[in-house]
Amino acid sequence: MCGIVGYKGKQQPKEILIEGLKNLEYRGYDSSGIALKDGNEIQVIRSVGKISCLEEKVNSEKLLDARMGIAHTRWATHGVPSVENAHPHRVGKVTLVHNGIIENASELKEKLLKEGVVFNSETDTEVACAVINKYYEGDAVKAINKAIKELKGSYAFCIFFEDSDKLYAVRKDSPLIVGYGDDEIYVASDIAAIINYTNQYSLLEENEVCEIDKDVKVTLNGKKVKKEILTATISADSKDKCGYEHYMLKEIMEEPVVLEKTLKPYVDNLDKLPDLTEYEEIHIVACGSAMYAGMIGKTLIEENANLRVTVEVASEYRYKKVIYDRKTLVILISQSGETADTIAAMRKAKMAGIETLAIVNVVGSTIARESGSQIFIEAGPEIAVATTKAYMLQVAILSLLAYKAALSSGLDDKNVMAEIKKIPRMVREILDRRDDYLEIAKAIYKREDIFFIGRKIDYAVSMEGSLKLKEVSYIHSEAYQAGELKHGTISLVDDGTPVISIITDKDIREKTISNVQEVKARGAKCIIISNEEITGYDHLIQVPEMSNFFQPLVVVPCLQLIAYEVAKLRGCDIDKPKNLAKSVTVE
Ligand code: F6R
């Protein structure tokens, strides 16, 4: 959510900043800007819309002969997307870009207005800029340290001062890294921004102030801190679309490969995974799709290991009363490892002395570093805003955890392990049936309401199917427990309303089919995804039958591809759906 790039070195930074922003565009894309500095001269160029709009504007202006610059792509929080609200912001001698939210911005603004400060935007960022400027008397580190004591909320700042040739960075609850090139130093909110230039970087910790001249000096409360230099494992070409029209499609098509990579360490070797049956209760906490992956995990663990599991939305969990009166494990699921609410939920559990386990993609992210233990999924960079392959891997890991817990609870079924080895191939076969998904998409893409139904694990899967469809195609969609639809929502079903039913759980199959009959009787267009041949409806996608642990893994790709094809037919901006951003680092 929002992206930052900073540069100090021997080159004119325009290309580096614009390219960095393009690589970060998936994190926010409603407006953007750059600031260049040459001696005491500062040039700020900002634009609404995509980075390409900013690029056009930058290319049309005569630029300063700068060797230092900062840049930002924004996902609006305080204030509409507009040129005035876009970053960088400038107050007095301070120019900066900001990720995060300053929660006490209105209070601080009121005071600053009384002191005569004039504001040109509606943003909390400009307020933070004014606070730093207020304390700036020639010593930048001192001013930053004084200012961050006053700022409440989350921030990652990249800053320069009018009368200094140094670049500064500081962060709290929002990630920021420093990259090392050849006599060139970079600042970025995400390694993806600078991976074309360097894979050597350090993570800035909370409130460390980074001062960049020819070298990098990092201090915490005035004391020097030695930073470890890390090597990024993502490669520059992992950001390539590899010939696919969209990242979303590319990432779905990568699922067999990333499944293989993620599952491999555990094939015939479940010892590497924690045994959930050592706990009396499991809390799975996450947001969005990651939370829906948790719903699948809950169903599998409860059904197969007889263990109590609750799934909670992190933004609720962090504030609600949670009763920890049993031996509890809190499982945090997060692709980015930087989702603000999930981080807060993790910290809450840790404060209460509760063990935490993270299922996470980004090594070095806050959740990866702060959780008690970690299971890494091997998704690689996920660029499309709507998650696909990372969600798939979250589900796969939860399925393995459930299987291991089931074995500990007395399950004696060795066939499941043999099945794990076949999963990548089976998923590949499902992905190959593109024509089937396109045919369904053609039948439904003009509708404005679509329903998904299922029971038990099929309901858990359908929730993600519905979310995927609505976020990329903007069609209103809801998922219902199949038996619940008639308690109100069935009033919305009429002639031609698409209802996508997932029917893989044999125990409850007949019940769900009755519910499909109910909607069919009201004119619904019935699309069935099942591991059995079910005839008499408009469309059937038959998936292979698998053990209950891994059955969702062959259904999920069908739903993702239907969502993709529908969005494409509707001409949507598939990789960057409106109003969304990858990695929600604010509350
Ligand atoms: C939906 C989507 C989001 C994320 C959610 C959590 O396609 O991508 O719902 O799943 O914002 O993000 P992470 O997993 O990074 O914590």
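Bear in mind that the values in this text are calculations on the coordinates, not laboratory data. Predicted model, so just to flag it, every value in this text is computed and none were measured. Heads up, the Cβs are rebuilt from the backbone with ideal geometry, glycines too, and the neighbour counts pull from every protein chain shown.
Relative intensity of the stretch 504-582 on a log10 scale, I(q)/I(0) at q = 0.17, 0.24, 0.25 Å⁻¹, equals -0.83, -1.13, -1.17, per a Debye sum over C-alpha point scatterers of equal strength in the absence of solvent. Give the shape of the stretch 240-427 as rounded, prolate or oblate, defined through the alpha-carbon gyration tensor: a ≥ b ≥ c are the square roots of its eigenvalues, a/c under 1.5 means rounded, and otherwise the shape is prolate if a/b is larger than b/c and oblate if not. Cα axes put the stretch 240-427 in the oblate bin. Along the Cα-to-C-beta direction of residue 60, a point sits 7 Å from the Cα; which residues of the stretch 1-32 have their amide N less than 20 Å from that point? What the label zone holds, given the 20 Å backbone N cut-off, is 14-15, 18-19, 22, 30-32.
With an 8 Å Cα cut-off and a minimum separation of 6 or more residues, compute the relative contact order for the chain in percent.
12 percent
Farthest towards the positive end of the charge dipole of the chain, among the residues 427, 248, 127, is the Cα of 127, using unit charges on the Cβ of Lys, Arg, Asp and Glu.
Between the amide H of residue 312 and those of 284, 285, 286, distances stay under 5 Å, these residues lying 5 or more places away or on another chain, with hydrogens modeled in the peptide plane. By the combined test of axial Cα extent (at least 20 Å) and Kyte-Doolittle hydropathy (mean at least 1.0), the qualifying DSSP H helices of the chain come to 389-408, 552-569. Binning every alpha carbon pair distance of the stretch 212-324 at 5 Å from zero, what are the percents per bin? Histogram of Cα-Cα distances, whole percents per bin: 2, 8, 10, 12, 13, 12, 12, 14, 10, 5, 1, 0. For residue 422, a cut-off of 22 angstrom between C-alpha atoms picks up these lysines, skipping any fewer than 8 places away in its own chain: 250, 261, 264, 272, 389, 404, 414, 506. Normalised by the residues of the stretch 62-208, what does the relative contact order come to in percent, with Cα pairs under 8 Å and at least six apart? In percent, rounded to a whole number, it is 20.
Give the residue from 307, 585, 102 lying farthest towards the positive end of the charge dipole for the chain; charges sit on Cβ (+1 for Lys and Arg, -1 for Asp and Glu) and the dipole is referred to the Cα centre. The Cα lying farthest towards the positive end belongs to 102.
On the principal axes of its alpha carbon atoms, the chain extends 75, 50, 45 Å, with the longest extent given first.
The spacing between the stretch 497-559 and the stretch 1-67, judged by their C-alpha centroids, is 49 Å.
Once the C-beta distance of residue 275 and residue 414 is scaled by a Förster radius of 25 Å, the resulting FRET efficiency is 0.90 to the nearest 0.05.
In whole percent, what relative contact order does the stretch 429-587 give with Cα contacts below 8 Å and a gap of six or more residues?
Normalised by residue count, the contact order of the stretch 429-587 is 29 percent.
Within straight-line reach of residue 152, meaning a Cα separation under 21 Å, sit the following lysines at least 8 residues removed in sequence or on another chain: 109, 111, 114, 134, 142, 172, 348. Here the scattering of the stretch 55-169 is modelled by Debye summation over its C-alpha atoms, one equal scatterer each and no solvent; at q = 0.15, 0.20 Å⁻¹ the log10 of I(q)/I(0) is -0.65, -1.13.
When DSSP assigns beta bridges and you keep just the ones with both residues in the chain, what percent turn out antiparallel, to the nearest 5? Antiparallel bridges: around 60 percent, rounded to the nearest 5. Taking amide H positions as modeled 1.01 Å from N, with prolines and chain starts lacking one, the residues under 5 Å from residue 68 and 5 or more places away or on another chain are 37. Note that the stretch 433-579 shows a convex hull volume over its alpha carbon atoms of 103 Å³ per residue. For the stretch 573-587, 3J(HN,Hα) computed residue by residue from phi via the Karplus equation (6.51, -1.76, 1.60; θ = phi - 60°) reads 7, 4, 7, 9, x, 4, 6, 9, 8, 7, 6, 8, 8, 10, 5 Hz, glycine and proline entered as x. Dipole magnitude for the stretch 167-310: about 400 debye, using +1 per Lys or Arg Cβ and -1 per Asp or Glu Cβ, origin at the Cα centre. Seen from residue 68, the other residues with C-beta closer than 9 Å to its C-beta sum to a net charge of +2, counting Lys and Arg as +1 and Asp and Glu as -1. The calculated FRET efficiency for residue 114 paired with residue 319, based on their beta-carbon distance and R0 = 35 Å, is about 0.60.
Cβ crowding within 10 Å ranks 248, 426 as 426, 248, fewest other Cβ atoms first.
Simple rule: put +1 on each Lys or Arg Cβ and -1 on each Asp or Glu Cβ in the chain, find the dipole, and look at 566, 324, 445; the Cα lying farthest toward the positive end is 324. Taking a sphere under 11 Å around the Cβ of residue 134 and counting the other residues whose Cβ falls inside, with K and R at +1 and D and E at -1, yields a net charge of 0. Annotation: Cα Rg of the stretch 60-105 relative to the compact-globule expectation 2.2 N^0.38 Å equals 1.34.
Per residue, the chain reaches -10500 deg cm²/dmol at 222 nm when only DSSP H runs of four or more residues are counted, each adding -39500 (n - 2.57). Any lysines with Cα under 20 Å of the residue 50 Cα? List them, leaving off those in the same chain fewer than 8 positions away. Counting by Cα, and skipping residues close in sequence, residue 50 has these lysines nearby: 14, 22, 239, 241, 568, 576, 578, 582. Charged side chains reduced to their Cβ positions (Lys and Arg at +1, Asp and Glu at -1) give the chain a dipole of some 740 debye around its Cα centre.
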